[in-house]
Amino acid sequence: MILKIKHFVAIITIEIFSACQNQPQSLSEIKAKQLPISDSISDNAAIEAFVRPYRKRIDAVLDSTLAFASKPISKEDGYYNSTAGNLMADIVLQQASPIFKQRTGKEIDFVLLNHGGIRSVISEGPVSARTAYEVMPFENSIAVVELSGQSILALIDYLIASKRAHPVSGIQVVLNKNDELHSLKIGGKAFDINQHYWVATSDYLTNGGDSMVFFKDALNITTVDYLIRNALIDYFKRVDTLAPIIDDRFYKIE
Amino acid sequence: MVRHPSRIKRTPYTLQHMERRKFLKNVSASTALVGLGGFSLQSCALKAKKKITILHTNDVHSHIDAFPKDHSQFPGLGGLAKRASLVDWIRKENTNTLLFDAGDIFQGTPYFNFYGGELEFKLMSMLKYDAATIGNHDFDNGINGLYAQLPHATFELINANYDFSNTVLDGHIKPYKTYLVDDIKVGVYGVGIELEGLVTKALYKETGYLNPYEIAIDTEKTLKHTEQCDIIVCLSHLGYQYQNIRRPYDLELASKTKYTDLIIGGHTHTFLDTPTIVKNGASRNVLVNQVGCFGVNLGRIDFYFDNQKNLAASGVSIKV
């Protein structure tokens, strides 16, 4: 009798087990939601400990003071040129010229960057490498473009039409009261439409960024392999004080 | 968009609670029927309903640390250490969990500028990511820069529509990967955005670009018919939607494919209130999701499987 019950249980078990195996599974329901990673979630200690030395090293490098800003430096403080724009364009001219000269034997005539490429104000006080990352977070390099005199006029038309203080250096653009070009000087000399000019800019712009279409007509493009951010950091290391001013490089005769 | 944290904590308790109630009901029924044999019935009943959880991120852009509490857009949000806690906790609740990323792992904080993506890959490996696809910014240190970081990744990088055969990545990027989770086969493939015009050629070098729609349709067929997958997931870095119809995007991809159940998207940094339900090429409802950017959210999709006799006649129900 005991044996029979055991048999019965074994048979039932096998049957049920095989029935269970044979039942095909099909997708019946999908539930979806989004979980915020909010600050109420505690840190995973192992991950936090792993990141700490990396963070410490970055903070040490980025937060050591390289220079001082004597006043806030912003791209919004002037209509045709701004303190931040002038600082950035001047830095690119100063930092890239010796490298370009060494490589090609040529001089950079002037610099044009884009207003949108300045991503942060520089606050009054200590300036660090972190400041450079805030101002220029992108991995854009300096490119030097050879443009014909005709292309330079297209560039000027762009500057006039954009109504933004795009950073320039080494050039003087004066508009009459009808917003037309009154005078144009490059490197202190009057513009010559028959001459070619070497313009330092960002490789973002030579690749079509900000609709600077005149760069499409470049006769030649030399990549300097120098990140704009690294040019800023190198300049910050070289000087004690940043005190850019709004000047007469681009203005309108009222 | 932002759910209150206390709600996330309560949800799994409710689910577990429901499962347990069902389990107890099954146990008492089987015990009454066959006595000692009830033990095997019990395990059968337990297996009747399976749950596969898919977690996902996109466009984290090297945001390893949480945003500061005074941040104007994402105060106190994000951070790998917090994401790790949440993922751990979900895995404890359901061991049948997969974790994916839809690309643009790199670029956005000094962690990338200093360490070239090493830390991002190492941390994703610590979080036990299963796979990620490649975003345009993952080429920011060049294809060689990406290649150099591969030894730090224990997860798979997958993409089906880039042709790497003339690059250093040749043989290192799989078009798709399958996972057997609780006897459910999950197939995952990747598609990426056209690099020309978006990434400097010197960075992506000879990487070829193939039409993502065509490749997706081919790959999902392989996953369905050859690999016999039960769930098919696409990791896409195409972008959620564009006005310019010549640029491929996720919503259109969903409407063209027939076997893909879920598209996990990226690139457009799209924050959705709920995942989007799209009718696919076989008139079946499928999901397109994206969770913004910078690691401030984690997407969670639970797939439930049941014995066919328990299925509703109306087909798969999607709750978002």
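For the condition away from every other protein chain (no Cβ under 14 Å) and surrounded by fewer than 24 Cβ atoms within 10 Å (Cβ to Cβ), what is the one hit in B:Gln228, B:Gln241?
B:Gln241
For A:Ala89, all conditions in the list (1) more than 7 Å from chain B (Cβ to nearest Cβ); (2) surrounded by fewer than 21 Cβ atoms within 10 Å (Cβ to Cβ) hold save one; what is the number of the exception?
(2)
Could you tell me whether any residue of the range A:116-123 is β-branched (Val, Ile, Thr) and touching a Lys or Arg at 6+ places or on another chain (Cβ under 6 Å)?
Yes, the range A:116-123 contains at least one residue that is β-branched (Val, Ile, Thr) and touching a Lys or Arg at 6+ places or on another chain (Cβ under 6 Å).
I'd like the full set of residues that are acidic (Asp, Glu) and either surrounded by fewer than 21 Cβ atoms within 10 Å (Cβ to Cβ) or farther than 21 Å from A:Asp203 by Cβ (or both), limited to the range A:108-128.
Answer for the range A:108-128, where residues must be acidic (Asp, Glu) and either surrounded by fewer than 21 Cβ atoms within 10 Å (Cβ to Cβ) or farther than 21 Å from A:Asp203 by Cβ (or both): just A:Glu124.
Okay, residues lined up against (1) under 21 Å from B:Cys293 (Cβ atoms); (2) at pLDDT 95 or above:
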position	(1), (2)
B:Thr167	no, yes
B:Asp170	no, yes
B:Leu195	yes, no
B:Ile215	no, yes
B:Leu223	no, yes
B:Ser255	no, yes
B:Gly265	yes, yes
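Filter the range A:191-226 down to the residues that are in contact (Cβ under 8 Å) with a residue 60 or more places away in the chain, outside any strand (DSSP E or B) and hydrophobic (A, V, I, L, M, F, W, C) and list them by number.
Scanning the range A:191-226 gives A:Leu205, A:Met212, A:Phe214, A:Phe215, A:Ala218, A:Leu219.
Part of a strand (DSSP E or B) and within 29 Å of A:Ser28 (Cα to Cα), is that true of B:Ser236?
Against the criterion (part of a strand (DSSP E or B) and within 29 Å of A:Ser28 (Cα to Cα)), B:Ser236 qualifies.
Restricting the range B:90-139 to residues that are within 14 Å of chain A (Cβ to nearest Cβ) and hydroxyl-bearing (Ser, Thr, Tyr), which is surrounded by the fewest Cβ atoms within 10 Å (Cβ to Cβ)?
B:Ser125
So which residues in the range A:80-120 are under 17 Å from A:Lys185 (Cα atoms) and polar (S, T, N, Q), if there are any at all?
Result: A:Asn81, A:Asn86.
If you check A:Ile16, A:Ile12, A:Ile41, which single one turns out to be surrounded by 18 or more Cβ atoms within 10 Å (Cβ to Cβ), over 27 Å from the mean Cα position of the chain (by Cα) and at pLDDT 95 or above?
Matching residue, one of A:Ile16, A:Ile12, A:Ile41: A:Ile41.
The values are calculated or read from the model by the stated rules, or taken from the named source; none is laboratory data. What you see is a predicted model, and the numbers here were worked out from it, not measured in a lab. Every residue, glycine among them, receives a Cβ derived from its backbone with ideal geometry; neighbour counts consider all protein chains shown.
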